[in-house]
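Participant: Before I ask anything, let me first share the structure, which is written out below as structure tokens.
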Amino acid sequence: MVAGWQHHLLVNGAVCHVTVRSFVWQYFGFLIKKDKDGNRVTDKTKTVCKLCYAVTPYTTSNTTNMNHHLQRHHKNVKTAPEKTSLKKGQLTMKQALTPTLPPSSPRAKQITRLIGEFIADYMAPFNIVENRKFIQMFKVLEPKFKMPCRGHFSEKVIPEIYNETKQSVKECLKNANCIALTTDGWTSRATQSYITITAQVIDEKWESKSFVLQTCELSESHTGVNIADVLRNALREWELTRPQTTIACVTDNASNMDIAVRESGLHPHIKCLAHVVNLASKRGLAVSRVVRLLGRVRRVTFFHKSTTVTAVLANKQTQLELPRHKLITNVQTRWNSTYEMLARYLEQQAAVSAALSSPEIRRNAREIDTLDNTDISDVEDIVKLLKPLKTATTVVCDEKEPTVSLIMPLKYMIEQSMSPDENDTQTIANMKSAILLDISDRYSGDCNDMLQECTALDPRFRSLSHLNNEQRESVYARIREKAAGLHLQRNQTSDTDERTTRASASTPGAAAAEQAVVMIETAQGAEQSQEEPVEGERQMQDMTQPPPPKKTALEDLLGSSYITLETVQSSRGIEMEILSYRNGIPIPLNKRSYSSTGERYEAKSYTKRLQKELTTGPQTLIVDDGAVNKTKHIFNKNTKVLCFTNDMVSDISEKILEITAEHPTVKSVVIHTGALDVVKQQSEVLKQDFNDLLNKVRCLNTEVFISGPLPTVRRGDERFSRLLMLNRWLKDTCAAQSVNFIDNFNIFWERRHLFEADGFCLNKSGTLEQAFSRQSAYATASKKAQDLTAAISYCIAKDMMPFQMVERPGFLRVMNVAVPHYKVPSRNFFSKTEIPKMYNAVKADVRKSLAQGEFFAATTDIWTSESGAGQPYISFTIHYLTPDWQLESHCLETQFFPEDHSAQNIRVF
């Protein structure tokens, strides 16, 4: 029997709530009743279950009672969580608090760009951006940044960086007056042949710059013609050709390079000094006695072929208190390795002799060759002879900016060290003769004259101490002659340009252009009667100019052979300048060999630097619009506050460069402005003024901080809203332009006690609060700095990256943009402190995990490294099941294992 109200429900039905989206309304509805007049009325104080017709109250307008009814009486009904949909563009609370940077935002683009530069600078593989620890590190650095995929870097970011870099290099090469090229061919480990071309220039600031223009594969035969084609293509691609200007080229001494440079039109051709020394040294090492001696030493240095022998040598080194250095085997193509092999053998001679006498080596070695006292004496003499050559090569290779002015002094030093001595043995005398014969023929003829002139123009070698008086005078005479010719050429060029300019004014094309201008002006309304013929106007101008003076008869006869006063003054000026240069004191060898105006420029720079160091003044400059005007007396003498109470952003922008120039000791500049501009309610104009200000402060050599606007106190909601929007815009803009920003809103919001009574200026407490918040770097012990350091350590450990990664410029730039206030620790901090601490923490976690594991299994193996002369290692890995039956594996240990790989030694391990 159905109840009355149930029958009424079945007949009349139930109405669902149509304005909400909760899933319970699929099973509940409102009861429909009829009033006294017979009209259908919906009762919204109660709901009825459509499954069991149970009635539940609906007085609080929530669905909790209905949800509980379904869970208690209808468990087979699938209950779905309540879903809510947001309007398009609306963020959830979590997204609003920690939003993800859009890929098109300036900060995301900047971080992505710097990661690409890091990959290019470090030559890292593209898959580094997909490494879990690398991504985790960036989640700590910038939680809002989403790492792009490797395809984005390989197909877009890196090509864009390459194109932009190529364009900037082209501009630098285009503005350079003189260019020098270096080129060489080489073969990769995969036996692929390449050729590399490098350009060196000195820019208008007299800074030396070097660019690797290209490294292209050269699969054809390395003939001079093929290499010349590569050079011509590079000249054409990089737009290096100049009219009436030659391009010097430095190569090795191979004959194909001579043909390539000559065919490509490069001049002068300079041979690499390091290669010259290499060839001369190989000639000296080719003496028969030396060849036999090197073969015997090479047979002794076999220790890297056996782990047992290596362990014996290491044991003898420890007993004799010698450095635990490995023996070196020379490479035929690199003579320096021969010198290093002999020097290392002499260092470890005692340990080598003791090791060769041990029973472990004598039992296994088939043939042992030792050196007697005569051999040892010859090795010592050879090392002593080769040391100057090694030094010359090291000087050329270690120089950051090597110049051709080094060639002749180093060549003279080598020739002096190879001069015969009556105390030399026959072996050393033959080596000296072979080396001297080979190196004396290098750099002769016109090349010798050019290199001597370059040496004379180097302030370090201006005295030309390696030449006699007659040779010195000859060198400076050639320099004086070339300087006079250059001066004459410049005068002729300026005269030619002036004549060309005057002639162009009277050409038919110029007259036609002037006539066209007259016709256009006439068409625009000028009266024809007011215009005069162009030719007549030119004639009137010629009549107003005085005629040139006529030549006298004597000038006409002897004018071509007469030396004018200007010529005499020019010649004397060149003579006096060269004389002053020669009489100057040579600059130290560790100083740069060139400058914009010679030693006067150097003296001025040293004087200015000394004056700057001796001058005392403020270190921090605060440029303010009045917010800290009443409390500027609380700052110490290292901080100076300049208040411009009525100045707008545009006013500060006009005077900021002048202000900083008046304070040369300032290292940090804090600019607080913009609050007064908000009153004008011109947001776009204000943004443009701020952009102009940022463009100016970016060229300063000081650290610049833009102090954001302060929140208002009791000054209306409209002004507060405008200041908030300005603060957000400034924060994003400063981040995009790599300018430090101080977010004052987070510091002073709802902190009325930090303001003066006017609600605008800060009081003493507020100024101190702002000063403390303006720290340029995180404290080392702060949680933020420790988290960042730990993230970098995890990346190094997980990816097995070298510790020097933290010192690479690309990595430091990424960190500076992502976290400007974080200072990356040194490589020693990571290698000696952070990584060992992380290792101990991981070791403790592994021990704790092993204590809870069950069913253990172990794997072990012995292996030999590729580098380090084949060092033997042994690894031990454990596998086990966790209480929840998850398989875990840990490599517990990898140890250096120089002992004999016997079962007993492995068992002890």
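The values are calculated or read from the model by the stated rules, or taken from the named source; none is laboratory data. It should be emphasised that the depicted structure is a prediction, and the values quoted were computed from it without experimental measurement. Cβ sites come from the backbone with ideal geometry, for glycine too, and all protein chains shown count toward neighbours. Side chains are part of the model used for accessible areas, which takes the heavy atoms of the whole protein and leaves out ligands, DNA and RNA. Shrake-Rupley method; radii C 1.70, N 1.55, O 1.52, S 1.80 Å.
Participant: Under the definition of Cα pairs under 8 Å and six or more residues apart, what whole-number percent is the relative contact order of region 407-488?
Facilitator: Details: 36 pairs, mean separation 22.3, N = 82.
Worked out over region 407-488, it gives 27 percent.
Participant: Compute the Rg to Rh ratio over region 142-261 from the alpha carbon atoms, using the Kirkwood formula for Rh, and round to two decimal places.
Facilitator: Values: Rg = 17.6 Å, Rh = 16.5 Å.
We get a ratio of 1.07 for region 142-261.
Participant: What accessible surface, in Å², does a 1.4 Å probe find on Glu893, ignoring ligands, DNA and RNA and rounding to the nearest 10?
Facilitator: Roll a 1.4 Å probe over it and Glu893 shows about 80 Å².
Participant: Express in whole angstrom the spacing between the alpha-carbon centres of region 403-430 and region 812-844.
Facilitator: When both Cα centres are located, 49 Å separates them.
Participant: Now for a different question. Over all Cα pairs of region 164-233, how is the pair count split among 5 Å bins, expressed in % and running from 0 up to the last occupied bin?
Facilitator: Over region 164-233, the share of Cα pairs per 5 Å bin runs 3, 14, 24, 20, 15, 12, 8, 3, 0 percent.
Participant: For Ile179, list long-range residues whose amide hydrogen, built 1.01 Å from N in the peptide plane, is under 5 Å from its own amide hydrogen.
Facilitator: So Ile179 has HN proximity to Ala248.
Participant: For a quick protection proxy, order the peptides 242-252, 192-202 by their average other-Cβ count within 10 Å, most packed first.
Facilitator: Working: 242-252: 15.3, 192-202: 17.1.
Final packing ranking: 192-202, 242-252.
Participant: Taking only the alpha-carbon atoms of region 224-367, what semi-axes of the equivalent ellipsoid follow from 5 times the gyration tensor eigenvalues under a square root, in whole Å, largest first? Could the numbers behind the result be given before it?
Facilitator: Values: eigenvalues 479, 47, 34 Å².
Here the semi-axes work out to 49, 15, 13 Å.
Participant: Another question about this same structure. Quick check on my link table: of Lys174/Lys687; Lys144/Lys798; Lys823/Lys848; Lys783/Lys848, which ones sit more than 29 Å apart, alpha carbon to alpha carbon?
Facilitator: Beyond 29 Å between Cα atoms: Lys174/Lys687; Lys823/Lys848.
Participant: Quick one: which of Lys390/Lys482; Lys170/Lys655; Lys655/Lys680 span more than 26 angstrom between C-alpha atoms?
Facilitator: Working: Lys390/Lys482 36 Å; Lys170/Lys655 35 Å; Lys655/Lys680 21 Å.
Too far apart for the 26 Å limit: Lys390/Lys482; Lys170/Lys655.
Participant: While we're looking at this one, here's another question. What whole-number value in cubic angstrom gives the convex hull volume per residue for the C-alpha atoms of region 402-451?
Facilitator: On the way: hull volume 3.8 nm³, N = 50.
Looking at region 402-451, the number lands at 76 Å³ per residue.
Participant: Using only the heavy atoms of the protein chains and a 1.4 Å probe, how would Lys316, Lys384 rank by accessible area, largest first? Don't jump to the answer; show the numbers that get you there.
Facilitator: Numbers: Lys316 45, Lys384 160 Å².
Descending order: Lys384, Lys316.
Participant: Quick one: how many lysine pairs in region 235-337 have C-alpha atoms under 24 angstrom apart, if they're 8 or more apart or on different chains? Numbers along the way, then the final one.
Facilitator: Working: Lys271/Lys282; Lys305/Lys316; Lys305/Lys326; Lys316/Lys326.
Within region 235-337, the lysine pair count is 4.
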